[in-house]
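The values are calculated or read from the model by the stated rules, or taken from the named source; none is laboratory data. Source: prediction; values computed, not measured. Every residue, glycine as well, gets a Cβ built from its backbone with ideal geometry; the counts of neighbours run over all protein chains shown. Side chains included, ligands, DNA and RNA excluded: accessible areas come from the protein's heavy atoms. Shrake-Rupley method; radii C 1.70, N 1.55, O 1.52, S 1.80 Å.
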Amino acid sequence: MIVRLAREQDLPGLLGLAAEVEHWFGAMVAEPGFHRAVDRHLRRATALVAVDARSALVGGLLFGVEPPVYHVDWLVVAARARGTGVGRALMADAQDRFVRGPGTLEVVTFGADHPGAVTSGARVFYERLGFAPAEPTAPGPEGGSRQVYRRPVP
C-alpha cells in the first residue's frame, strides 16, 4: 500500500469510497457540497489517498490545516481493506505531512448511541490513536449523533 497526495483523477475512486459509507453519514456522492469540499482539499493539497498493489483506492482522507488546531475532515477506508492498517497509515502520513505542534488534532465522529459507532469501528480506531472523546456536536446530515474527539500534539 502507498499513501500519496490525491489528484483530480482520484475523484471517481473517492466518490466510490464515499458511496460505501453513505448509510452511516448520509448522502455524499450526489451532494454538490461534498464535491466542493473534495475539490477544495485537492487544490490545497490536503487530500490523501491510499492505493493498493493494483493501484486501486482503498482509503481517502481530507485534512484541515489551521494551526494550532488540525482537523480530520473526512476519513474512509474501503470495506475490503478495513482492519489492515490503511486508516492508521493515512493518519500517520497526514500528521507527518501537515501537523506541527504544539497544537490539537480533532475529528468529529459518531456519538456513542449512533448505529455506526460500533459497526464502523471509528470510535475505537481514534481511541487507539490516542484521541479522547470530548463534547457532543451537531448531528450529522442523516440526523445521527456526533462527538468531537481530540488529541494533543506536542
*Considering (1) over 19 Å from residue 22 (Cα atoms); (2) in contact with a strand residue (DSSP E or B) (Cβ under 6 Å, 6 or more places away or on another chain); (3) open to solvent by less than 40 Å² (accessible area, probe 1.4 Å), say which one residue 56 fails and leave the rest.*
(2)
*May I ask you to say which residue of 107, 86 is under 23 Å from residue 13 (Cβ atoms), touching a Gly at 6+ places or on another chain (Cβ under 6 Å) and modelled with pLDDT of 95 or more?*
86
*Kindly state which strands (runs of 3 or more DSSP E) lie completely within the stretch 1-106 and contain at least 2 residues that are more than 27 Å from residue 119 (Cα to Cα).*
2-5, 57-66
*Verdict on residue 38 being under 17 Å from residue 81 (Cβ atoms) and buried (at least 17 other Cβ atoms within 10 Å of the Cβ)*: no
_Please pick out the residue among 92, 45, 53 that is of a type in the set (Gly, Ala, Ser) and modelled with pLDDT under 95._
53
*Is the stretch 85-93 home to any residue that is farther than 22 Å from residue 16 by Cα and open to solvent by 40 Å² or more (accessible area, probe 1.4 Å)?*
yes
_Single match in 5, 14 (criterion: modelled with pLDDT of 95 or more, touching a Leu at 6+ places or on another chain (Cβ under 9 Å), open to solvent by 30 Å² or more (accessible area, probe 1.4 Å) and of a type outside the set (D, E, K, R))_ = 5
_I'd like to check something: does the stretch 1-12 contain any residue that is more than 22 Å from residue 105 (Cα to Cα) and in contact with a His (Cβ under 9 Å, 6 or more places away or on another chain)?_
yes
*Within the stretch 101-127, which residues are without any contact (Cβ under 8 Å) to a residue 40 or more places away in the chain, open to solvent by 40 Å² or more (accessible area, probe 1.4 Å) and not aliphatic (A, V, I, L, M)?*
113, 125, 127
*Return only the number of the condition from (1) under 12 Å from the mean Cα position of the chain (by Cα); (2) over 21 Å from residue 142 (Cβ atoms) that residue 107 does not satisfy.*
(2)
*Show the residue pairs that are 6+ apart or on different chains and have beta-carbon atoms under 6 Å apart, the first residue being within the stretch 4-31 and more than 24 Å from residue 95 (Cα to Cα), the second being charged (D, E, K, R).*
26/142; 28/22
